[in-house]
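Visitor: Please find one structure pasted underneath; my questions will follow.
The values are calculated or read from the model by the stated rules, or taken from the named source; none is laboratory data. Just so we're clear, the structure is a prediction, and the values are computed from it rather than from any experiment. Every residue, glycine as well, gets a Cβ built from its backbone with ideal geometry; the counts of neighbours run over all protein chains shown.
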Amino acid sequence: MDFENNDMKEMDEDLDNIIVLNDEEGKEVQFEFLDLIEYEGEEYVILLPIEENEEETGEVVILKLEDTDSEDEESYVSVDDQDILNKVFDIFKEKFKDEFNFIDEE
């Protein structure tokens, strides 16, 4: 699920969409929110890890959005089903085909 950005300047202007999540070790990791995709009645967020090395292309992270008891809080859970991940990513690729150069690694 790799891609390169065609217009990094435009992306820099959109850094308002930063989400900070905790990894398995409890460390904070910053992501740029790229999109929210609905698939089969569920919502999935497409996130791009913010790397210290800006020249490096990266993989997106796809997480399932789950409701919580709090209206002000959202929960993101990993998706283990590779078929769902591929279908959600395919929707994302189609939606943003003119904005990113997607790299197929098969």
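Visitor: Within segment 56-104, take every residue that is β-branched (Val, Ile, Thr), part of a loop (DSSP other than H, G, I, E, B) and within 18 Å of Glu32 (Cα to Cα) and give me the one that is farthest from the chain's Cα centre (by Cα). Spell out the reasoning first.
Guide: Within segment 56-104, the first condition is being β-branched (Val, Ile, Thr), and the residues that meet it are 57, 60-62, 68, 77, 79, 84, 88, 91, 103.
Still in the running and part of a loop (DSSP other than H, G, I, E, B): 57, 60, 68, 79.
Add one more test, that the residue is within 18 Å of Glu32 (Cα to Cα), and what stays is 57, 60.
Numbers: Thr57: 13, Val60: 5 Å.
For segment 56-104, the residue satisfying everything is Thr57.
Visitor: If you don't mind, another one. Looking at segment 15-32, which of its residues are at negative phi, without any contact (Cβ under 8 Å) to a residue 24 or more places away in the chain and not basic (Lys, Arg)? Spell out the reasoning first.
Guide: From segment 15-32, those at negative phi are 15-25, 27-32; that's our starting set.
Next cut, without any contact (Cβ under 8 Å) to a residue 24 or more places away in the chain only: 15-17, 20, 22-25, 27-30, 32.
Leu15, Asp16, Asn17, Val20, Asn22, Asp23, Glu24, Glu25, Glu28, Val29, Gln30, Glu32 - these are the residues of segment 15-32 that are at negative phi, without any contact (Cβ under 8 Å) to a residue 24 or more places away in the chain and not basic (Lys, Arg).
Visitor: Looking at segment 86-102, which of the residues that are surrounded by 12 or more Cβ atoms within 10 Å (Cβ to Cβ) and basic (Lys, Arg) is modelled with the highest pLDDT?
Guide: Taking the candidates together, the pick is Lys87.
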